[in-house]
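S.K.: Dropping a structure here in structure tokens format, bear with me for questions.
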Amino acid sequence: MEKFIIKGGKKLSGKTTVCGSKNVALKALVASCLTDEEVVIKNIPLISDFMVMAEIIRELGGKIAIDGHTARINLNKIKKTKISLENAASIRTSSMFLAPLLLREGKAVIPNPGGCRIGARPIDRVIKGIKKMGVKVSYNSRDGFFHLDTSGKMSPINYKFDKNTHTGTETLILLASLVEGKTVLENAAAEPEVDDLISILNLMGANIKRISQRTIVINGVDKLHGAEFSIPPDRNEIVTLAIAAIITKGDVLVEDISSRGLEEFLDVFTKTGAGAETTSG
């Protein structure tokens, strides 16, 4: 069993950079499966979650080459519509592959997703939304798999989440991007990572816009194409470094980042008496 041994008592100081956002990179992999053209993702984090998602793409018949912090993905033809329990059980975002599978093949078989268990994290809000779009869903409690089938043409929806959900919002955005007509999602998640996914999909030819903090409008297009984009810095990693600097009474400079999505944290951070300064150039 692996373990970390930390010997404290020293100030943290100096310059550092952070990896690309995990919560954007994983969703970008799913978005790349909406097209049969090559998608290039730069500044990827080299973490186990990313590698598991990459393996699922290979399992579906895709090719993915990773060189440093750049990944090239091409899912030209989907060879299977069932995601193995072995891969899906370790990561929650595996459920999002239902979108490319339904859009391109009309059916999907996905396990009840795994990953971290932070409180109650059901996917019922996603299931409710895709059912409204016309997807037939059945769940086999004996093997833990959802069986999904479009059985024809999916329809755009006006859907209000009972409770906003990050993964649920992104899954319905992915699905609606290629469903003809106008889909409106209300009480949608407002995290900046959702807007990053919207930007990625729009680069691929989608027509998606957040018109208010909790309302997202998706006008479905016929086809998405390949694209090249870079994953923004991981704000959770930035926050971790900031806290580590303060508790060790250190001074850390995190380079090549943006304060976007950090405003609330920095406000509370400075109220505690900690120092934070943003510079450009």
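S.K.: What is the Å³ per residue value for the convex hull set by the Cα atoms of segment 77-229?
M.R.: Details: hull volume 18.4 nm³, N = 153.
Looking at segment 77-229, the number lands at 120 Å³ per residue.
S.K.: So, one more: Å³ per residue of the Cα convex hull, for segment 172-281?
M.R.: 121
S.K.: For the chain, give the share of DSSP beta bridges that are antiparallel, in percent and rounded to the nearest 5; count only bridges with both residues there.
M.R.: Around 75 percent antiparallel, to the nearest 5.
S.K.: Accessible area of the chain with a 1.4 Å probe: how many percent of it is carbon plus sulfur?
M.R.: Carbon plus sulfur share of accessible area: 49 percent.
S.K.: Based on the Cβ-Cβ distance of Thr248 and Ser155, what FRET efficiency does E = 1/(1 + (r/R0)^6) give at R0 = 41 Å, to the nearest 0.05?
M.R.: That gives a FRET efficiency of 0.15.
S.K.: So, one more: Please give me the summed charge of the neighbours of Pro232: other residues whose Cβ is under 13 Å from its Cβ, Lys and Arg +1, Asp and Glu -1.
M.R.: Its environment carries a net charge of -2.
S.K.: So how far, in whole Å, is the C-alpha centre of segment 58-110 from the one of segment 242-281?
M.R.: Between the Cα centre of segment 58-110 and that of segment 242-281, the gap is 37 Å.
S.K.: Of Ala65, Gly9, Asn112, which is farthest along the charge dipole of segment 1-144 in the positive direction, counting Lys and Arg as +1 and Asp and Glu as -1 at C-beta?
M.R.: Gly9
S.K.: Return one number: the angle in degrees, 0 to 90 and rounded to the nearest 10, between the long axis of the Cα atoms of helix 48-59 and the longest principal axis of the Cα atoms of the chain.
M.R.: The two axes meet at around 20 degrees.
S.K.: Which FRET efficiency, nearest 0.05, do His69 and Asn140 yield, Cβ-Cβ r, R0 45 Å? It would help to have the intermediate numbers written out before the result.
M.R.: Details: r = 39 Å, r/R0 = 0.87.
So, using R0 = 45 Å, E works out to roughly 0.70.
S.K.: In nm, to one decimal, how far is the modelled label at Leu266 from the one at Asp162, with both set 7 Å along Cα→Cβ?
M.R.: Roughly 3.8 nm, to one decimal.
S.K.: Moving to a separate point now. Using a cut-off of 17 Å between alpha-carbon atoms, which aspartates and glutamates can reach Lys182, once sequence neighbours fewer than 8 places away in the same chain are excluded?
M.R.: Glu170, Asp222
S.K.: What whole-number value in Å² describes the accessible area per residue of segment 1-130 for a 1.4 Å probe?
M.R.: 51
S.K.: Something else now. With all protein chains present and a 1.4 Å probe, how do Met51, Met204 order by accessible area, largest first?
M.R.: The most accessible residue leads, giving Met51, Met204.
S.K.: For segment 152-169, in order, what is each residue's ³J(HN,Hα) by Karplus, 6.51 cos²θ - 1.76 cosθ + 1.60 with θ = phi - 60°, in whole Hz (x at glycine and Pro)?
M.R.: x, 8, 7, 10, x, 9, 9, 10, 10, 5, 4, 9, 5, 9, 5, 5, x, 4
S.K.: Give the relative contact order (percent, whole number) for the chain; include only Cα pairs under 8 Å separated by 6+ residues.
M.R.: Reported relative contact order: 22 percent.
S.K.: Which order do you get for Thr165, Thr183, Thr17 if you rank them by accessible area with a 1.4 Å probe, largest at the top?
M.R.: Ranked list, largest accessible area first: Thr17, Thr165, Thr183.
S.K.: Still on this structure: In terms of modelled amide H atoms, which long-range or inter-chain residues lie less than 5 Å from the amide H of Leu253?
M.R.: Here the answer is Gly14, Lys15, Thr16, since their amide H atoms fall under 5 Å of that of Leu253.
S.K.: Given a 1.4 Å probe and the protein chains all in place, what does the accessible area of Lys107 round to, in Å² to the nearest 10?
M.R.: Its heavy atoms expose roughly 110 Å² to the probe.
S.K.: Another question about this same structure. Keeping every protein chain in place, order Ser21, Ser90 by accessible area at 1.4 Å, biggest value first, i.e. largest first.
M.R.: Highest to lowest solvent-accessible surface, that is Ser90, Ser21.
S.K.: Using only the alpha-carbon atoms, how far is helix 192-203 inclined from the longest principal axis of the chain? Give it as 0 to 90 degrees, nearest 10.
M.R.: 50
S.K.: Could you tell me the accessible area of Glu186 in Å² (1.4 Å probe, neighbours in place), rounded to the nearest ten?
M.R.: Here the residue's solvent-accessible area equals roughly 80 Å².
S.K.: Once you list every other residue whose beta carbon is under 10 Å from the beta carbon of Leu148, what net charge do they have if Lys and Arg are +1 and Asp and Glu are -1?
M.R.: Result for the neighbourhood of Leu148: +2.
S.K.: What residues qualify as long-range amide H neighbours of Val221, i.e. H under 5 Å apart, gap of 5 or more or another chain, H built at 1.01 Å from N?
M.R.: Leu178, Val179, Asn207
S.K.: As a quick test, which of the pairs Lys63/Lys163; Lys22/Lys82; Lys22/Lys160; Lys42/Lys160; Lys136/Lys160 have an alpha carbon distance above 31 angstrom in this structure?
M.R.: Going by Cα-Cα distance, Lys63/Lys163; Lys42/Lys160 fall outside the 31 Å limit.
S.K.: With Cα extents along the principal axes in Å defined as stated, name the option among [x] 61, 44, 36; [y] 65, 45, 38; [z] 51, 46, 34 computed from the structure displayed.
M.R.: Correct label, based on the coordinates given: [x].
The values are calculated or read from the model by the stated rules, or taken from the named source; none is laboratory data. The structure displayed is predicted, hence computed values, not measured ones. Because the Cβ atoms are built from the backbone with ideal geometry, glycine has one as well, and the counts that use them run over all protein chains shown. Calculation scope for accessible area: heavy atoms of the full protein, side chains included, ligands and nucleic acids excluded. Shrake-Rupley method; radii C 1.70, N 1.55, O 1.52, S 1.80 Å.
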